[in-house]
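In what follows, a single structure is set out as structure tokens and then discussed.
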Amino acid sequence: MLTISEERITELLEKCNGYGSAIYPLIKDRLTGYREEDIAFAEEGLFFEEEYLLILKHIKQNQIPVERVVDIGCLFGFQSELFDGVEYIGVEALKNIKFFNQEKGNVRYITGIFPYVDVDLKNAVTISSMSLGYFNEMVDKDEKKALDKVAEKLAECSRLYIKTTPELTERLIPLFEHHEILKYKEKANYIFSLYYFSNMDK
């Protein structure tokens with residue numbers, strides 16, 4: 001069970017005001033062994049903090065049962081700090097990365113290109129923020145085939161939180177019984193939306 005409280009999530013969300021990272025002050029003393037260029041802007045933001053906090057808020061408010069989280073495109077995995085109490089599996093395509101919190105018993109990482117990784121999505125809350133849909137050439141040289149392959153694998157998800165391109169979103173909507181937008185943003189005629197998809201009752 002997620003140990004972070006809804007009150008704590010709200011408190012951190014209020015700090016996501018565009019003037020600095022809400023998470024950096026909590027873990028700055030443990031950011032050792034990283035190259036300067038890897039965390040050069042850590043004080044401004046370590047990852048897509050607001051998106052992950054909105055996901056946690058949705059989970060708490062809807063009493064969604066969580067035992068395992070699969071985070072696709074996790075990069076260094078700094079966001080694993082928010083998932084105490086559940087199994088956190090980070091999936092990252094880049095190799096030779098120093099993953100955060102890997103010494104914790106509930107945290108592990110898989111290096112590989114999604115969807116070509118062995119990970120169970122059926123019994124997990126799956127997250128992908130600004131990863132899938134943006135680097136399609138890593139999946140297949142043909143962009144349409146790449147999107148189809150990613151969508152086919154994501155169809156296995158019980159619950160999916162994803163911020164991606166409209167092209168991938170269009171493929172996902174018919175695959176799930178339920179979907180809702182948690183955050184909508186349009187910038188330079190491009191839409192960046194955070195979606196929740198589910199084939200579960202809750």
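Rounded, prolate or oblate: which fits the chain when a ≥ b ≥ c are the square roots of the eigenvalues of the alpha-carbon gyration tensor, with rounded for a/c under 1.5 and prolate only if a/b beats b/c?
Values: a/c = 1.37, a/b = 1.23, b/c = 1.12.
The shape class here is rounded.
Can you compute 3J(HN,Hα) from phi for each residue in region 113-119, using the Karplus curve 6.51 cos²θ - 1.76 cosθ + 1.60 with θ = phi - 60°, rounded to whole Hz and x for Gly and Pro?
Coupling constants for region 113-119: 8, 6, x, 8, 10, 8, 8 Hz.
Over 30 Å between C-alpha atoms is what I'm after, so list which of Lys122/Lys183; Lys95/Lys153; Lys15/Lys60; Lys28/Lys183; Lys104/Lys149 land there.
Working: Lys122/Lys183 24 Å; Lys95/Lys153 22 Å; Lys15/Lys60 19 Å; Lys28/Lys183 28 Å; Lys104/Lys149 32 Å.
Pairs exceeding the cut-off: Lys104/Lys149.
In region 44-129, which trypsin sites (Lys or Arg not before Pro) fall in coil by DSSP and have 14 or fewer other Cβ atoms within 10 Å?
Within region 44-129, the qualifying trypsin sites (Lys or Arg not before Pro) (loop, at most 14 other Cβ atoms within 10 Å) are Lys95, Lys98, Lys104, Lys122.
Could you tell me the center-to-center distance, by alpha carbons, between region 83-162 and region 1-65 in angstrom?
Spelled out, the Cα-based centre of one part sits 19 Å from the other.
Counting other Cβ atoms within 10 Å, keep those with at most 11, restrict to DSSP loop, and tell me which chymotrypsin sites (Phe, Trp or Tyr not before Pro) in region 40-98 are left.
Phe41
What does the charge count around Phe197 come to, taking other residues whose C-beta lies under 10 Å from its C-beta (Lys +1, Arg +1, Asp -1, Glu -1)?
That sum, taken over residues with Cβ under 10 Å, equals -1.
Size of the dipole of the chain about the Cα centre, Lys and Arg at +1 and Asp and Glu at -1 on the beta carbon, nothing else charged, in debye to 20?
Using Cβ point charges on Lys, Arg, Asp and Glu, the chain gives about 140 debye.
Could you work out [θ]222 nm for the chain from helices alone, using -39500 (n - 2.57) per DSSP H run of at least four and dividing by all its residues? Round to the nearest 500 deg cm²/dmol.
Calculated mean residue ellipticity at 222 nm is -6500 deg cm²/dmol.
Who wins for biggest fluctuation among Gln102, Gln61, Gln79 in a Gaussian network model of the chain, springs between alpha carbons below 10 Å?
Comparing Gln102, Gln61, Gln79 in the GNM, the peak value goes to Gln61.
Would you mind calculating the gained length between Glu6 and Leu94 on full extension (0.36 nm times residue separation, minus the Cα-Cα distance), in nm to one decimal? Provide the component values of the computation, followed by the final result.
Details: separation 88, 0.36 × 88 = 31.68 nm, distance 3.26 nm.
So the chain would gain 28.4 nm between Glu6 and Leu94.
Once the dipole of region 6-198 is set up with Lys and Arg at +1 and Asp and Glu at -1 on Cβ about the Cα centre, which of Ile64, Ala124, Leu53 lies farthest towards its positive end?
Selected residue: Ala124.
Read-outs: derived from the displayed coordinates by stated rules, not from any lab. Quick caveat: nothing in here was measured; it's all calculated off a predicted structure. Note: ideal-geometry Cβ built from the backbone for every residue, glycine included; neighbour counts use all protein chains shown.
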